[in-house]
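Structure record follows, encoded as structure tokens.
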Amino acid sequence: MIQRRTLRKIASEIHQKLAQILLQEFSDPRLQWVTVQEVHLTPDGRTAYVIFDVLGDERRAREARTALTEVQGRLRGFLGKAMYLRTVPELEFIYASDPRAAEIRLRRGASPIG
């Protein structure tokens, strides 16, 4: 199990890098208004819950989640190159208004990174 402080540091770096990658590497209009709000890692570091928001309505949020899921592999590739991690966590994208986002925040100790 990875130390909690190390997980927070990795989550913070993932948050920063994802925001940067989304701005610089993707031209998909569905990703244009996406903002990465928080990143939470599971205790084993294998999954990163990426809580995002979108400027617009629920339809735009659904489109953004679909686009994020479609580019997940490429995002992980960019993260791997940018962060030099042995294992890049799986990315799970959760819209900020989704009840699961609140559940993850509570489960992870209500100390968001981002």
Out of Ala82, Ala61, Ala101, report the one residue that is surrounded by fewer than 17 Cβ atoms within 10 Å (Cβ to Cβ) and small (Gly, Ala, Ser).
Ala82
Tell me yes or no: at least one residue of the range 33-46 is surrounded by 17 or more Cβ atoms within 10 Å (Cβ to Cβ), of a type in the set (Ser, Thr, Tyr) and at pLDDT below 95.
yes
Residue that is modelled with the lowest pLDDT, among those in the range 7-32 that are buried (at least 18 other Cβ atoms within 10 Å of the Cβ), basic (Lys, Arg) and more than 23 Å from Asp57 (Cα to Cα):
Arg8
Return the pair list, or none, for Cβ contacts closer than 6 Å from residues in the range 87-103 that are in contact (Cβ under 8 Å) with a residue 12 or more places away in the chain and over 19 Å from Asp44 (Cβ atoms) to residues that are surrounded by 15 or more Cβ atoms within 10 Å (Cβ to Cβ) and aliphatic (A, V, I, L, M), at least 6 apart or on different chains.
Phe93/Val50; Phe93/Leu68; Tyr95/Ala61; Ala96/Ile51; Ala101/Ile51; Ala101/Ile94
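The values are calculated or read from the model by the stated rules, or taken from the named source; none is laboratory data. What you are looking at is a predicted structure, and each value in this text was computed from that prediction instead of being measured. Cβ sites come from the backbone with ideal geometry, for glycine too, and all protein chains shown count toward neighbours.
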